[in-house]
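*Asks:* Here it is: the structure, laid out below.
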Amino acid sequence: MQYLNVHFETVSPNIEEHMDMNLPIQERIESIAKQKARSVFEKRPDNLVIGCDTVVVFEKEVLGKPITEENAIEMLKRLSGKTHVVYTSVAMISSKQKVSFTSKTEVTFYDLDDKEIEDYVKTKEPLDKAGAYTIQGGGAIFVKEITGDFYTVMGLPIAKMYQTIKQYEW
């Protein structure tokens with residue numbers, strides 16, 4: 001958000017995320033982003049509120065945040081040497097507009113050995129990250145190739161968001 005050179009504050013939404021498994025994956029993620037944005041907008045109706053949600057999808061399965069270190073190790077072993085998809089949905093709400101979109105990026109990992117996976121998991125960094133890694137942190141060394149927007153993988157496709165903001169009166 002700092003790249004936009006605007007004043008902003010971070011507010012955690014007070015929601016219990018509910019993902020409707022009957023919807024296609026992009027609609028599921030957009031629904032969560034909208035829930036987050038609405039939750040904050042109710043408290044700050046005079047602002048442009050932006051809600052986001054990011055998921056990692058591998059072999060048609062959503063990989064959420066690992067519950068345990070063992071779960072993180074298992075996820076990273078599955079991603080090793082393979083390509084997965086990261087989706088980030090953004091919902092923007094103001095008193096004048098409601099707009100949402102989803103950005104998709106493919107990420108390919110190098111082959112990872114057990115020791116490097118275990119060493120990374122010991123840092124605790126992957127324990128609160130979808131897919132058990134963070135591309136802007138220690139997980140960066142696993143990434144062989146990205147097809148799409150780097151910032152989508154980080155959880156906020158800033159350029160697409162900026163272009164969307166420019167299109168509307170907020």
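*Asks:* Rounded, prolate or oblate: which fits the stretch 74-129 when a ≥ b ≥ c are the square roots of the eigenvalues of the alpha-carbon gyration tensor, with rounded for a/c under 1.5 and prolate only if a/b beats b/c? Don't skip to the end; give the middle numbers.
*Replies:* Working: a/c = 5.78, a/b = 2.28, b/c = 2.53.
It comes out oblate by the Cα gyration axes.
*Asks:* Can you pull out the trypsin sites (Lys or Arg not before Pro) in the stretch 118-170 that DSSP calls coil and that have at most 11 other Cβ atoms within 10 Å?
*Replies:* On the way: sites: LYS122, LYS124, LYS129, LYS144, LYS160, LYS166; in loops: LYS124, LYS129.
Here the trypsin sites (Lys or Arg not before Pro) that fit, given the DSSP loop and packing criteria, are LYS124.
*Asks:* Given points 7 Å out from each Cα along the Cα-Cβ axis, report the LYS124 to GLU27 separation in nanometres with one decimal.
*Replies:* Roughly 4.0 nm, to one decimal.
*Asks:* Could I ask something else about it? Please find the FRET efficiency linking GLU169 to GLU16, where r is the Cβ-Cβ separation and R0 is fixed at 30 Å, and quote it to the nearest 0.05. Walk me through the numbers on the way to the answer.
*Replies:* Working: r = 33 Å, r/R0 = 1.09.
Efficiency, from the Cβ-Cβ distance: 0.35.
*Asks:* Suppose each label sits 7 Å from its Cα in the direction of the beta carbon; what would the HIS7-ALA140 distance come out to in nanometres?
*Replies:* Each label point lies 7 Å from its Cα, and together they span 3.2 nm.
*Asks:* How far is it, in nm, from the label point at THR68 to the one at ASP46 when both lie 7 Å from their Cα along the line to the Cβ?
*Replies:* 5.0
*Asks:* Kindly put MET1, MET161 in sequence by how many other C-beta atoms sit within 10 Å of each C-beta, fewest to most.
*Replies:* Lowest to highest Cβ neighbour count: MET1, MET161.
*Asks:* Still on this model: Based solely on C-alpha atoms, express the radius of gyration and the Dmax of the chain in angstrom.
*Replies:* So, for the chain, Rg and Dmax equal 16.7, 52 Å respectively.
Read the figures in this text as sums done on the coordinates, not as results from a lab. Predicted, not measured: the structure shown is a model, and the values here were computed from it. Positions of Cβ are generated from backbone atoms using ideal geometry, with glycine treated the same way; all protein chains shown enter the neighbour counts.
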